[in-house]
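Reading through the structure tokens given below for one structure.
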Amino acid sequence: MSSPVPAPSEALLTGTNQRSTLFRRASVREALAAYCFLLPGFLPFLVFAVLPMVGGFSLSLLEWNLLQPWTFIGLANFRGLLADGEFWSAMRVSALFTLGVVPTGLVLALGLAVLLNGGRRGVVFYRTVYFLPVVTATVAVSMVWRWLLAGDLGLVNALLGVVGISGPAWLGDTTWALPAVIVTSVWKGLGYSMVLFLAGLQNIPQDYYDAAKLDGAGAWDRFRDVTLPLLSPTTFFVLVVSIISSLQVFDQVFVMTNGGPYRSTVTASYFIYETGFKLLNMGYASAAASVLFLVILVASIFQWKLQRRWVHYE
Amino acid sequence: MNRDVAIAEPPASHNSPLDRALSILAHVILVLGGLAMVGPFVWMIHSSTLPTAEAYRYPPVLFPSYRAWENYERALTLVPFARFFLNSTIVAASITFAQLFTCSLGAFAFARMRFPGRDFLFLAYLATMMVPFEVTLIPSFIIIRELEWINTYQALIIPFVFSAYGTFLLRQFFMAVHRDLFDAARMDGAGFFEIYWRIFLPLAGPALAALGVFVFLNFWNSFFWPLVVTNSMDMRTVPIGLALFQGRDSVQWNLMMAATTISVIPTLIVFLAAQRYFVRGIMLSGIKG
């Protein structure tokens, strides 16, 4: 007998009793499996990425020195930072450092990559050699350069003396300490940018160059009108990565100068380290870190927006 | 119709004297640059073998009366490098294995599986990459302190078991693997983990090697976090040991250079042995980025 009402057994499978079939649905099993896949990484992600992220911004609203209970002080830390000459000095040093390292490194790396791309002999050898500073610990690199730049004992001044220049005390001189750290950093990062540019250059099809040559374009024209535009995605990437890492420089400052002489090399990161771990002023240090994050964010957004103007994507 | 200029002639001066001169100039510049890269290392090794009596002469001594290899012995006794090497190796190796494991699992899920919250979670992972280390440094330190993990291996390893960067990189790689491979295996009734373990993981060999070398070197050389989280000689890592070696007022530069050379050798060996993977990894991240 057929009835318009579904048989009881069917009713059990629809409507309110869907839960018993839930685990038989493939999409649910897939989702559960996916969560299992993600689980090993998710817990550390929560505890050591998300929590500190939230914590970092929250801490900036507190005053805490870890020994006594903390107090909520709202935006007082930020007001303090705005008025803090030392903080502004640190931000200025970071900005100067970035301005010194990024363009120099970019131009040198691009130049070397272009030279290497044209030669084609010994690419692997040169790549290895130029990469040696990159894979070496920044601490070790800083130590070697400290020795090279020693005012009265180092090789740099000895070589300068050969051509008649009397070199300054470098890391002991308030004018030359930051440039010295800049040179060390450019030296260390050159190979990395060079390899990235090399990959980008090798991705440019030869056809473009051939067509340009047929049109009578000289070497410089080809570089300006073919290479640079087609390389712009790589250039953009190198630029963004270099700026972000330059704004966070720490190791070299710690090893080479400890912020000196007379705090002329205290960068934003070093300021945060000092404030948090030497002065135990956790709230203030977190506030400074938040400001640094803001600067990096704004710089990145700015570059992102600007890329429409000059980055060509295929 | 005149069709005699179908194909333009190739540039006449393909190997003119100017081209050859420019090519030589290019090589000269590359060699000079290479010397600038290697020079400081050579000087480091040279200085490390100077006897103390001659190490402080100015202009610097180029040919010492003898090579003071005993500097290395002295550096090894002054600084407990054996312990530092052990710590650095344990930490870097553990982190590398852990990251390869968690990142490949996560990347597989993001690349080939469907589940609610997938895009949101992936964006969240990416967002954490944007936040600089300085922001998370102090809260992470406080968390470690609350867990009573200060000066332990856990503090040096666990926070880095997960990596958004590594997950992102491997996801790019897995997404490039042909869809058919996955679909065919699913139709044969293979489970997700089986597909991951038997198909995707072996395929990802080069990418895993590249990521592995990169991660290993990165954490072997890391300085800021171990500095903050360890406070006794038996837990410090190589970069810290080196930095603290200079803590004394009168730095003995020849010993310092010997210590630096000792600290640099393992990374150089690992790099030279695995540079193919390392450079490939850099290039992979650059092109996709």
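Among the residues of region B:107-120, those identified as surrounded by 18 or more Cβ atoms within 10 Å (Cβ to Cβ) and more than 7 Å from chain A (Cβ to nearest Cβ) are B:107, B:110, B:111, B:112. A count restricted to region B:131-166 and to residues that are within 19 Å of residue B:237 (Cα to Cα) and outside any helix (DSSP H, G or I) stands at 5. Applying the condition of being within 11 Å of chain A (Cβ to nearest Cβ) and in contact (Cβ under 8 Å) with a residue 24 or more places away in the chain to region B:220-230 and asking which residue is farthest from residue B:133 (Cα to Cα) yields B:220. Screening region A:117-147 for residues that are in a loop (DSSP other than H, G, I, E, B) and surrounded by 14 or more Cβ atoms within 10 Å (Cβ to Cβ) and picking the one that is nearest to the other protein chains (Cβ to nearest Cβ) gives A:137. Restricted to region B:162-197, and to residues that are β-branched (Val, Ile, Thr) and more than 22 Å from residue A:44 (Cβ to Cβ), which residue is surrounded by the fewest Cβ atoms within 10 Å (Cβ to Cβ)? Once the filter is applied, the top-ranked residue is B:177.
Considering only region B:88-111, I want to know if a residue exists there that is in contact with a helix residue (DSSP H, G or I) (Cβ under 7 Å, 6 or more places away or on another chain) and not in a helix (DSSP H, G or I). Within region B:88-111, none of the residues are in contact with a helix residue (DSSP H, G or I) (Cβ under 7 Å, 6 or more places away or on another chain) and not in a helix (DSSP H, G or I).
Restricting A:150, A:158 to those that are more than 28 Å from the chain's Cα centre (by Cα), crowded, with 19+ Cβ neighbours inside 10 Å, within 9 Å of another protein chain (Cβ to nearest Cβ) and not polar (S, T, N, Q) reduces the list to A:150. The set of residues in region A:126-154 that are at pLDDT below 90 and within 18 Å of residue B:56 (Cα to Cα) comprises A:150, A:151, A:152, A:153, A:154. Taking the criterion of being surrounded by fewer than 24 Cβ atoms within 10 Å (Cβ to Cβ) and within 12 Å of another protein chain (Cβ to nearest Cβ), the only residue of region A:258-269 that qualifies is A:258.
The values are calculated or read from the model by the stated rules, or taken from the named source; none is laboratory data. Just so we're clear, the structure is a prediction, and the values are computed from it rather than from any experiment. No Cβ is skipped: glycine too gets one built from the backbone with ideal geometry, and neighbour counts run over all protein chains shown.
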